[in-house]
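A short write-up of the structure that comes next.
The values are calculated or read from the model by the stated rules, or taken from the named source; none is laboratory data. Since the structure is predicted, the reported quantities are computational estimates derived from the model, not experimental observations. Heads up, the Cβs are rebuilt from the backbone with ideal geometry, glycines too, and the neighbour counts pull from every protein chain shown.
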């Protein structure tokens, strides 16, 4: 396994799978576009990009018809589930959703679905084509975003089915944190999307099954507490937790939650997973340095 790691002095914070998002509203479902600020398609202008699929949005009438069919199918499934449940069987119901049904950005989520919005010469035009599910198959190639205290890096690697620990990173792209203007969670339908706006007003819409992990340290202030500023008990708990992880675990990162407890997180490169990225290795301790059980967590202490 050959992972991209930052040089000494730069702190590795998170790693999560990431791709260009796909439309969820019926008119743009499964589609995505690369736009300039006049809504022209620019994928043919992006440097070194191979040819990819071209999409046409569905007409409003066709989208309405498909939505009707979908609603009928869901209703039928719900009725069938209710009938089976009434017979006393142990039957799982329709799966829940974490996203939102109502779009607050119809122009870019319902009527159109740009995943790159970029004037000539702007940051979003430099993004790698490997992020596009229409140009790379997740069965053979994966892309991850790596977040540090200085930058966000996109890496890619060939994927071997059945071996999620076999990772050979190729650095594809990066942007300094100072080049990121804002990060917005987009919850329409699935709830996996994020819009990253760069300081030159270009932007990208990405999707990650581990969105919280991807965006946590792009949204939160990096106000980690130095280990030598902790009490002796707190430091011993943090270091003991880190020593219990993989042999290559890095020094623990400690932050204080709004409830007053302390979050302790550890990044161990050897535990990176091809599908999930880096699973959270974290615990919570109170002001006395006592590690808390899950039943003692406050709502602010939980991470996903």
*Identify, from the list 293, 279, the residue that is at negative phi and at pLDDT below 95.*
279
_Among (1) surrounded by fewer than 21 Cβ atoms within 10 Å (Cβ to Cβ); (2) in the same structural domain as residue 149 (by TED's automatic domain parsing); (3) in contact (Cβ under 8 Å) with a residue 60 or more places away in the chain, the one test that residue 16 misses_ = (1)
*So residue 6 fits all but one of (1) in contact with a helix residue (DSSP H, G or I) (Cβ under 9 Å, 6 or more places away or on another chain); (2) assigned to a loop (DSSP other than H, G, I, E, B); what number is the exception?*
(1)
*asked:* Only one of 286, 301 is at pLDDT below 95 and surrounded by 16 or more Cβ atoms within 10 Å (Cβ to Cβ). Can you tell me which?
replied: 301
*Candidates 175, 190, filtered to the one that is touching a helix residue (DSSP H, G or I) at 6+ places or on another chain (Cβ under 8 Å) and either free of Cβ contacts under 8 Å to residues at least 24 places away in the same chain or buried (at least 17 other Cβ atoms within 10 Å of the Cβ) (or both)*: 175
